[in-house]
Amino acid sequence: MADVGDADGVKPTGVRLEQRCRRLLLAYPRDYRAQRGDEIVSTMLDAMPAGRRWPDPADAADVVAGGLRYRLGTASLVGFDEGLALAAPVALSLAAGIAGFAWWRVEPVTAGAALGGEPLFGLFRTLGPVAYAFWLLAAVGWAVLRPAPSRVLIAVSIAVTLALPAVAPLTGVDRPPLWVMAALAVFGLLALVGSAPASGGYRSTLDGRLSVPAGAVAVTVAASTVVTLWAPGTEAYGYYYQPTLARVGTVVTATVAVVAAIAIARQVRRRGAGGWLWAAALLGLPAGWMGPFDSEGLRTAATDTTPHFGRLAQVVLASCVAVTTIAWLARRGRPSTAVVPAAAPLGRAAAVALGTLAGLAAFLVLARAGWLGFARGGSSLPGHVLVAVGLLALAGLAAALVARPPLGVTAVAAGLGLGLAWLVAVYDNRWSVAGWADLGHTASLVITLVLVPLSICLDAAVRTWAGGAGLRTRAGALVVVVASLGWMGYAALPYVLSWGPVLFVLVICIVAVALSRRPRSRRS
């Protein structure tokens, strides 16, 4: 018998298999393992064919994913799993549609086209078609494969997409823009996680199976139609950012808008909009990266005292709004019985703001001193950089005066602020670590990072004000709101007409936040 050990003390096959299954349970919290561990292992063993020595990889991945849900607390969020399941097919349709559009309308080499490297197979501008082929296969696999191999194909598509930046320098062929690959990877991650059994993502019906490839075709054709109708004029037609990516961004944003509209309609009719709100917020994060319309003009139009609000700034702001929306939905879906001081959120926000301030200030000082890629002295800092630093200091100090910031959080934020500032500088200087030339331009891009702590401060101030804090605490929260919104308006509003899809994503997320604060219907 296969399960009988030998005299040398070798463990039986069945015992080894059970032990391997139990190791997977380490993904779950200890209390959950004690309560349900035996049941999970028994279910896994019963589902395996005789003679198997290792757990099925797909089953193992599902067990680990289920454990992470409990460790991260998403399993207890009302509507989160439903929202993931709703977002999964939409996300995969968008990823495959973007891939199909880019391969069809952007990648083919045309006469006189400027290339960043050697053409792929002599036909394509970048390595993009390598990843795009997998995304199109993943869309087809959703329709024709069983759930487990379909999810494996999605995971492979994500891995190939993320590998392109590392592989491109070895081939001499250029890569697609990082924001395109990042959006594809996040859409794919939503599809992968949302289609897991733990999230309840099913597609047993024929309509459910065909929805993804049909949706991908619709996104591709609609984006191509927008490009055709929306003539590029004097813009250089055919490459990623202008005008093609901005045009496909309108289709992506329209898709997210439809999901949000369904959530609004269900909320108005008291039919339960939690899952649809989650789907809109989750899809809104990568959707906010598909723009803006005129990033090159924004990059060059700024004066010494006016910040340009280009692609990085729009991506950061859209991400902050989407993440804030997700955080508000999470707090709505997980009511807490613990008594938390009204000013506690402001204390943590102060720590993030002051720590980030220290990190950014350290970067600017070191850069001016010639220790971080620039020549000593270099150009002077633009006026808007100093304004941003001043408003961040005002928001952080105002929050710290009413709530003590945790020193540990402050130290971590300082390290992250310095590290991220250096990374943005490397990005701005064509991924080089030395020989940087324009301190003013790089500092303008680095200061975009203040949007993150200011968004955290704004969120904390609003929560503190709504939490019934005292007069002194509310006064501090008001200063935080003014400082945070002051910089965001100063930096962003002059370029509102160039925001493109980001503007719509912001509106969608704000509506989702407002709806999530409405009391639930008493109807069953």
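Rundown of residues vs (1) surrounded by 17 or more Cβ atoms within 10 Å (Cβ to Cβ); (2) of a type outside the set (A, V, I, L, M, F, W, C); (3) touching a helix residue (DSSP H, G or I) at 6+ places or on another chain (Cβ under 7 Å), yes/no style:
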| residue | (1), (2), (3) |
| --- | --- |
| Ala139 | yes, no, yes |
| Trp142 | yes, no, yes |
| Leu153 | yes, no, yes |
| Ile158 | yes, no, yes |
| Leu162 | no, no, yes |
| Ala166 | no, no, no |
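Go through Val323, Val352 for me and flag whichever is at pLDDT 85 or above and touching a Pro at 6+ places or on another chain (Cβ under 6 Å).
From the options Val323, Val352, the qualifying one is Val352.
Of the residues that sit in the stretch 398-416 and are outside any helix (DSSP H, G or I) and buried (at least 21 other Cβ atoms within 10 Å of the Cβ), which one is modelled with the lowest pLDDT?
Ala403
Quick one: which residue in Ser455, Ser432, Ser484 is among the small types (Gly, Ala, Ser), in contact (Cβ under 8 Å) with a residue 24 or more places away in the chain and surrounded by fewer than 17 Cβ atoms within 10 Å (Cβ to Cβ)?
Testing whether each residue is among the small types (Gly, Ala, Ser), in contact (Cβ under 8 Å) with a residue 24 or more places away in the chain and surrounded by fewer than 17 Cβ atoms within 10 Å (Cβ to Cβ) leaves just Ser432.
Could you please let me know if Ala65 is modelled with pLDDT under 85, in contact with a Ser or Thr (Cβ under 9 Å, 6 or more places away or on another chain) and over 30 Å from Ala246 (Cα atoms)?
Judged against the criteria, Ala65 is a match.
The values are calculated or read from the model by the stated rules, or taken from the named source; none is laboratory data. Please read all numbers here as calculations on a predicted model, not as lab measurements. Because the Cβ atoms are built from the backbone with ideal geometry, glycine has one as well, and the counts that use them run over all protein chains shown.
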